[in-house]
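The values are calculated or read from the model by the stated rules, or taken from the named source; none is laboratory data. On a predicted model such as this, the values are computed, not experimentally measured, just so you know. Ideal geometry is used to build each Cβ from the backbone, glycine not excepted, and the neighbour counts take in all protein chains shown. To get the accessible areas, we keep the full protein, side chains included, count just its heavy atoms, and leave off ligands, DNA and RNA. Shrake-Rupley method; radii C 1.70, N 1.55, O 1.52, S 1.80 Å.
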Amino acid sequence: MSRASRPHLPMRPLWRCRACGAEWPCQPARLALLVEYREDRTALLIYLSTLMAEAGAQLSQLNGHAVPENLTERFLTWARAR
C-alpha cells in the first residue's frame, strides 16, 4: 500500500515547499500548476504574478528589506508559453 504524497504547496513567509523543502514553486509544483492551468496559460501567469508579489514582500521583510533577485525566474519565466 502506498502512502499518499503531500501536495507541493508554499510555506509562507519562507516560500519553501512544504513537501520537499525546495524553493517554491519547486519542480513538482510547477508540473502540477501547468497541468491545472493547461487550458489557460494567461490565468496561470496572473496567479503566479500575484504570488510573486506576495513572496517578494514577505521575503524582503525576512532579508532586511532586500527583494531576492531571482523571483521573476522562479515564479514566471518557466511558465511562459513556448
So is residue 16 in contact (Cβ under 8 Å) with a residue 24 or more places away in the chain, out of contact with any Leu (no Cβ under 6 Å at 6 or more places or on another chain) and surrounded by 12 or more Cβ atoms within 10 Å (Cβ to Cβ) or not?
-> no
Within region 1-42, the residues that are in a loop (DSSP other than H, G, I, E, B) and of a type in the set (Ser, Thr, Tyr) are 2, 5, 37
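Table: residues versus (1) aliphatic (A, V, I, L, M); (2) at pLDDT below 95; (3) exposed (fewer than 12 other Cβ atoms within 10 Å of the Cβ).
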{"site": "43", "(1), (2), (3)": "yes, no, yes"}
{"site": "47", "(1), (2), (3)": "no, no, no"}
{"site": "62", "(1), (2), (3)": "yes, yes, no"}
{"site": "76", "(1), (2), (3)": "yes, no, no"}
Residues of region 22-41 being more than 12 Å from the chain's Cα centre (by Cα) and either open to solvent by less than 90 Å² (accessible area, probe 1.4 Å) or among the small types (Gly, Ala, Ser) (or both), in sequence order, are 35, 37, 40, 41
Residue count, region 49-60, condition open to solvent by less than 40 Å² (accessible area, probe 1.4 Å) and polar (S, T, N, Q), comes to 1
Filtering region 64-74 for residues that are in contact (Cβ under 8 Å) with a residue 12 or more places away in the chain and surrounded by fewer than 14 Cβ atoms within 10 Å (Cβ to Cβ) leaves a count of 1
